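To start, the structure under review is shown below, and the notes come after it.
The values are calculated or read from the model by the stated rules, or taken from the named source; none is laboratory data. In this text, all values refer to a predicted model and were calculated from it rather than measured experimentally. Here the Cβ is made from the backbone with ideal geometry for all residues, glycine too, and neighbour counts use every protein chain on show.
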Amino acid sequence: MFSEDASELLEKLGELRDSARAEVGALGSCGSGGENDPRVCRINAKVQEGLTEMRKLLEELEVVSDEQISDEDRSAIVVEIQRFNNEYKGIRQELRQANLVVRKNVVQAEEEERALLMKGSESAVRQRRKQTEEENAAAAEEVTEGLRRTRQMMVQELERTGKSAAALRESTSTLKKTEQEFASQQPLLAVSKKLLHYLQKQGVVDRIIFVGCFVLFLLVVLHIVLKRVPVLNFLHPYSLWSAWRASSSEAASLE
């Protein structure tokens, strides 16, 4: 139903949507490491990265929909764009709600830590802090890896933008050359138009001359036939005119 480009973009959008929702779901369990839990930063950065990529793919999908020849295909793609736009907004809302849950978890973790301190359970506090530090170190490593992937994606995007700009410059140059060639052909086109008009007029004159010559030829043939055939001689215009003149003279003499 969809073109190859549209199907590929829709597949990528589905993968990004599922990944973002999974990360948002995992965000709700964070915050136990305190206010500086690096997992929160990592997940937020990854979700924001996915949402940015979704927005970019949706814009590309809008361009693909405009290029569709069939109205049915265009309408189907527009429906998918609206659906993913709604899911995009839903993920942003879920992310805000998950961050609210994280804040509650942070407050709860701090209250539990204060309660342990008040009870004098220093060993439990140290063990918890050690566990938190280990989790923070692992999360920091994941954040670094996420930043590295983001940087690589930005480099790829810059390269693609550069290629698009080069293609645009090449297209502009081609259009300018075509415009110059068309401008250089305009005088020749004007001369050709005048020549065609002259040939059309000459054709009309030639047809008139041909018809006149044909009529003259028929008159000559008729003249020869009437002169050469005695039976038809009286039908010759000259014979008719002579007879009419003779009758007119005879009538005048009788008067």
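Couple of notes before you dig in:
- For residue 70: the one exception among (1) surrounded by fewer than 12 Cβ atoms within 10 Å (Cβ to Cβ); (2) within 20 Å of residue 11 (Cβ to Cβ): (2)
- Residue 222 being surrounded by 10 or more Cβ atoms within 10 Å (Cβ to Cβ), out of contact with any His (no Cβ under 8 Å at 6 or more places or on another chain) and either outside any helix (DSSP H, G or I) or at pLDDT 70 or above (or both): yes
- Odd one out for residue 16 among (1) closer than 22 Å to residue 141 by Cβ; (2) surrounded by 15 or more Cβ atoms within 10 Å (Cβ to Cβ); (3) aliphatic (A, V, I, L, M): (1)
- In segment 54-80, the residue that is nearest to residue 157 (Cα to Cα) out of those that are in contact (Cβ under 8 Å) with a residue 24 or more places away in the chain and small (Gly, Ala, Ser) is 65.
- Of 45, 6, all but one fail to be over 23 Å from residue 150 (Cβ atoms), in a helix (DSSP H, G or I) and touching a residue at least 24 places away in the same chain (Cβ under 8 Å); the exception is 6.
- Scanning segment 71-117 for residues that are modelled with pLDDT under 85 and of a type in the set (Asp, Glu) turns up 71, 73, 110, 111, 112, 113.
- Those residues of segment 58-102 which are of a type in the set (D, E, K, R) and in contact with an Asp or Glu (Cβ under 9 Å, 6 or more places away or on another chain), in sequence order: 60, 67, 74
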